[in-house]
1. With the cut-off at 1.5 for a/c, could you classify segment 82-127 from its C-alpha gyration tensor as rounded, prolate or oblate?
2. Among 64, 119, 199, which comes first, second and so on when ranked by fewest other beta-carbon atoms within 10 Å?
3. Once you keep just the Cα pairs under 8 angstrom separated by 6 or more residues, what percentage relative contact order results for segment 99-298?
4. Using the Cα gyration tensor of segment 228-313, with a ≥ b ≥ c the square roots of its eigenvalues, what is the shape: rounded (a/c below 1.5), prolate (a/b larger than b/c) or oblate (neither)?
5. Take 145, 269 and order them by how many other Cβ atoms sit within 10 Å, fewest up front.
6. Label segment 99-298 by shape, choosing from rounded, prolate and oblate, from the square roots a ≥ b ≥ c of the eigenvalues of the Cα gyration tensor; if a/c is under 1.5 it is rounded, and otherwise prolate applies when a/b is larger than b/c, oblate when it is not.
7. Taking neighbour Cβ counts within 10 Å as the exposure measure, how do 209, 93 sort from fewest upward?
8. For segment 34-80, what is the relative contact order in percent, using Cα pairs closer than 8 Å and at least 6 residues apart in sequence?
């Protein structure tokens with residue numbers, strides 16, 4: 001899985017390798033308020049990469065880019081922007097051009113073998129319709145390249161594209177949610193979107209739909225496993241049980257959707273051949289847990305008084 005794992009190397013501060021295929025000690029990034037942290041999947045070498053932004057409630061989605069650098073969304077005096085930093089830690093650099101909102105997310109993906117940042121931009125409003133733009137960016141030459149769009153009408157269904165994650169070269173897996181009347185919870189689908197070409201309003205942009213949920217149920221945080229299966233979180237906005245709050249489902253290679261049995265999931269990503277997910281929160285503290293869907297889940301962080309986040313911070 002490109003863009004989701006990195007090596008710490010022989011020492012705590014060795015540079016990331018040029019290719020994640022060389023990774024032997026995968027790490028996951030997470031947030032503690034505005035502090036970007038990393039930890040190996042075996043629970044060792046927990047370290048800080050530095051603070052970013054000025055609002056703990058508006059810092060989110062720390063992710064490795066395919067070249068090993070670190071990307072994260074963070075607040076800068078009232079606006080949320082993508083920031084990029086070194087896997088060695090230190091200062092994070094704000095990327096210019098476009099601010100985002102709490103509806104948005106980012107990921108790293110390769111396009112033609114080159115490392116690229118992909119992120120969404122959408123209005124910050126509880127009211128639909130809303131339009132979403134999907135952008136690709138070379139962080140060394142930060143010019144926006146629009147690669148996707150979900151219209152808000154008036155002749156189209158209102159909707160949004162959310163939470164892209166790397167799938168393969170030139171493609172991401174993401175959620176598209178349509179709310180035709182602007183009021184109902186809507187219809188969510190998990191889809192593959194191309195990010196290797198510019199979006200053209202005058203040409204049909206196709207996507208491959210992997211799964212569609214029943215009306216009123218929402219999908220979040222899709223991610224591809226190395227064997228081609230896709231996991232995601234299903235949420236029932238009207239429910240309060242652990243299953244309703246977040247049940248992890250898996251789309252098999254036969255496109256059949258089944259439950260993993262993991263519930264109370266708040267966010268997830270795939271790191272190497274493992275699913276790392278954020279769970280808990282009922283007691284005000286969330287942890288990062290790891291699962292390969294075969295063996296018993298393992299709590300990586302296990303910190304009873306500090307919450308770790310791989311989505312938005314608290």
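Coordinate-derived values only; no laboratory data. Note that the coordinates shown come from a computational prediction; the quantities given were computed from them, not determined experimentally. Positions of Cβ are generated from backbone atoms using ideal geometry, with glycine treated the same way; all protein chains shown enter the neighbour counts.
1. On the way: a/c = 2.63, a/b = 1.47, b/c = 1.79.
Note, shape of segment 82-127 comes out oblate.
2. 199, 119, 64
3. Values: 524 pairs, mean separation 23.9, N = 200.
This gives 12 percent for segment 99-298.
4. oblate
5. On the way: 145 16, 269 31.
By the 10 Å Cβ count, ascending, the order reads 145, 269.
6. Oblate shape, in that a/c is at least 1.5 and b/c is the bigger or equal ratio.
7. Fewest-to-most Cβ neighbours within 10 Å comes out as 209, 93.
8. Reported as a whole number, the value is 30 percent.
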